[in-house]
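Only one structure is covered here, and it is reproduced in the block below.
The values are calculated or read from the model by the stated rules, or taken from the named source; none is laboratory data. None of these values were measured; they are calculated from a predicted model. A quick note on method: Cβ atoms are made from the backbone with ideal geometry, for glycine too, and the neighbour counts reach across all protein chains shown. SASA here: full protein model, heavy atoms, side chains in, ligands and nucleic acids out. Shrake-Rupley method; radii C 1.70, N 1.55, O 1.52, S 1.80 Å.
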Amino acid sequence: MTLKTIIDPLDFPLVQYKLECADKVNDILIEQAYIMNKFVEENHKNISGLNPKGTKYNNNKDSYIGAHTPPFNRCHMFPGFPVEFLEELLHCVYDFAKHCGVELRQPSSCMFYVERGWSTITKPGDIIDGHTHITHTFSSAYYPNWKEGQGGMWFQRRKHDDDHSMYEKFKGANEQVALQPSAGSVFLFPSWAPHGTLTNESDEDRISYSLDIGEVGLDYKLPPTSLIENMWKEFDNDLTNIGLMDVLK
């Protein structure tokens, strides 16, 4: 059974799970993060976007964050991505939904899926500044490995129920909480919750995966089959056109 730690420190649900992934799964995730990093460095001229290697939320240009550049923010759909990991994660997502008070009447009424996913390599001395993922339902942060001093995650209370502001620096202890992950652990939280990381004070890269969760079902969104099929064909074509498919095979 997956270990579960209910934290809920502020005004929203927050749970840390320990996934039962084999070491080889975590090794694949770490390897794929570095494959993405190398590919972007060597092919950045062929990739659309102002900064395919990073975001405005970090400072070190050598860090890699695939959040804002398609198709790298859907790495969970790449060939070779470990299905076992996604199965373990979704098991936790359904449990987290119940923790949040979501009633699942039947499987077809609400089915959760990973909508976006990307790897992050945070270099020593770098951070990921405060932000939210408000266009999604749940969000998660997974650590395939972890070493002391690499900097935990922090979460911040909102001002009021409809507040989607990014975050405010220098919040007091009753408004902000910092948590330490562990190897194989994942944090699950509402996507609107402001969060970021502490500084990586170690001398090694911090590897993590962020995965945003959406839902489909008879009671929720049910897109036309033809629409989704065409979009995924375009996604596969993008992988091929930029040369990423050859790297992943």
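For PRO71, are the conditions met, namely being touching a Leu at 6+ places or on another chain (Cβ under 8 Å) and part of a loop (DSSP other than H, G, I, E, B)?
For PRO71, the condition - touching a Leu at 6+ places or on another chain (Cβ under 8 Å) and part of a loop (DSSP other than H, G, I, E, B) - is met.
Evaluate the following for TYR94: is it open to solvent by 50 Å² or more (accessible area, probe 1.4 Å) and touching a strand residue (DSSP E or B) at 6+ places or on another chain (Cβ under 9 Å)?
yes
Inside the stretch 182-220, can you point out the residues that are within 17 Å of ILE134 (Cα to Cα) and either small (Gly, Ala, Ser) or free of Cβ contacts under 8 Å to residues at least 60 places away in the same chain (or both)?
Passing the criteria: SER191, ALA193, GLY196, SER210, GLY214.
For the stretch 8-30, indicate whether the set of residues that are more than 29 Å from LEU222 (Cβ to Cβ), modelled with pLDDT under 95, touching a Pro at 6+ places or on another chain (Cβ under 8 Å) and not in a loop (DSSP other than H, G, I, E, B) is non-empty.
Within the stretch 8-30 (the criterion being more than 29 Å from LEU222 (Cβ to Cβ), modelled with pLDDT under 95, touching a Pro at 6+ places or on another chain (Cβ under 8 Å) and not in a loop (DSSP other than H, G, I, E, B)), the answer is no, since none of the residues qualifies.
Restricting attention to the stretch 46-73, which residues are open to solvent by 60 Å² or more (accessible area, probe 1.4 Å), in contact (Cβ under 8 Å) with a residue 24 or more places away in the chain and closer than 17 Å to LEU244 by Cβ?
Within the stretch 46-73, ASN46, PRO70 meet the criteria.
Based on what the data block shows, is PRO190 modelled with pLDDT of 90 or more, open to solvent by less than 40 Å² (accessible area, probe 1.4 Å) and not aromatic (Phe, Trp, Tyr)?
yes
Look at TYR113 and say whether it is open to solvent by 70 Å² or more (accessible area, probe 1.4 Å), over 27 Å from ASP203 (Cα atoms) and at pLDDT 90 or above.
yes
Among (1) at pLDDT 70 or above; (2) in a loop (DSSP other than H, G, I, E, B), where does GLY196 come up short?
Here GLY196 clears every test but (2).
Quick check on the stretch 1-38: of everything there that is hydrophobic (A, V, I, L, M, F, W, C) and in contact with a Gly (Cβ under 8 Å, 6 or more places away or on another chain), which residue is surrounded by the most Cβ atoms within 10 Å (Cβ to Cβ)?
Checking each candidate, the answer is MET36.
Which members of the stretch 84-111 meet the condition of being free of Cβ contacts under 8 Å to residues at least 12 places away in the same chain and within 16 Å of SER210 (Cα to Cα)?
GLU87
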